[in-house]
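Here, each number is a calculation from the coordinates, and none is a lab measurement. Model, not experiment: these values are computed from the prediction. FYI the Cβ positions are ideal-geometry reconstructions off the backbone, even for glycines, and counts take in every protein chain you see.
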Amino acid sequence: MHYGSSETIMVVDDDRSFRISLLRLLKTLGYRVIDAASGTEAMEKASCTAPAVILMDLHMDNCGGVAVTRALKANPLLANIPVILLTATPPPEAELDRLFHAILDKPCTTSILSETLERALASQ
């Protein structure tokens, strides 16, 4: 089942070119998109928009994906938003499997991303 344009996906990544490419892909898949270039910006935008799913980079300059996700999960209004981690380097901490809805290699195929997003949306 494809959820399409009724769902908003947030992309959080400090790599502008990767973020723009991912936003374009998500739009072609039928999703509405918002983006954030930093963890701080992600927290602000998530509080205002409550996206259906967040795609989070692991390594960012000001505040990494783990810290941002922990802050999101600590906020009762945002705690239930599935966060999918995108990373070129797998996280060493086993506990992160419980923090994130899924952990995907960066880059990943369109089909893997789409299937993971649909599972995250269905879990809500």
Exercise for the section: Within region 50-67, track down each residue that is touching a residue at least 40 places away in the same chain (Cβ under 8 Å), of a type in the set (Gly, Ala, Ser) and in contact with a helix residue (DSSP H, G or I) (Cβ under 7 Å, 6 or more places away or on another chain). Expected result: Ala52
Exercise for the section: Being under 14 Å from the mean Cα position of the chain (by Cα) and among the hydroxyl-bearing types (Ser, Thr, Tyr) is the filter here, so list the residues in region 1-20 that pass it. Expected result: Thr8
Handout entry: Criterion violated by Leu86 - all others in (1) in contact (Cβ under 8 Å) with a residue 60 or more places away in the chain; (2) in contact with a Phe, Trp or Tyr (Cβ under 6 Å, 6 or more places away or on another chain) satisfied
Key = (2)
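Hey, among the residues in region 39-53 that are on the phi < 0 side of the Ramachandran plot and hydrophobic (A, V, I, L, M, F, W, C), which one's farthest from the chain's Cα centre (by Cα)? Write out each step before concluding.
Residues of region 39-53 that are on the phi < 0 side of the Ramachandran plot, as a first pass: 39-49, 51-53.
In the following step, the residues that additionally are hydrophobic (A, V, I, L, M, F, W, C) were identified as 42-43, 46, 48, 52-53.
Working: Ala42: 10, Met43: 12, Ala46: 11, Cys48: 16, Ala52: 10, Val53: 6 Å.
The qualifying residue farthest from the chain's Cα centre (by Cα) is Cys48.
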Exercise for the section: Output the number of residues of region 30-53 satisfying the condition of being out of contact with any strand residue (DSSP E or B) (no Cβ under 9 Å at 6 or more places or on another chain) and part of a loop (DSSP other than H, G, I, E, B). Expected result: 1
Problem - Filter result (assigned to a loop (DSSP other than H, G, I, E, B), exposed (fewer than 15 other Cβ atoms within 10 Å of the Cβ), within 16 Å of the chain's Cα centre (by Cα) and of a type in the set (A, V, I, L, M, F, W, C)) within region 54-94 - result: Ala79, Ala88
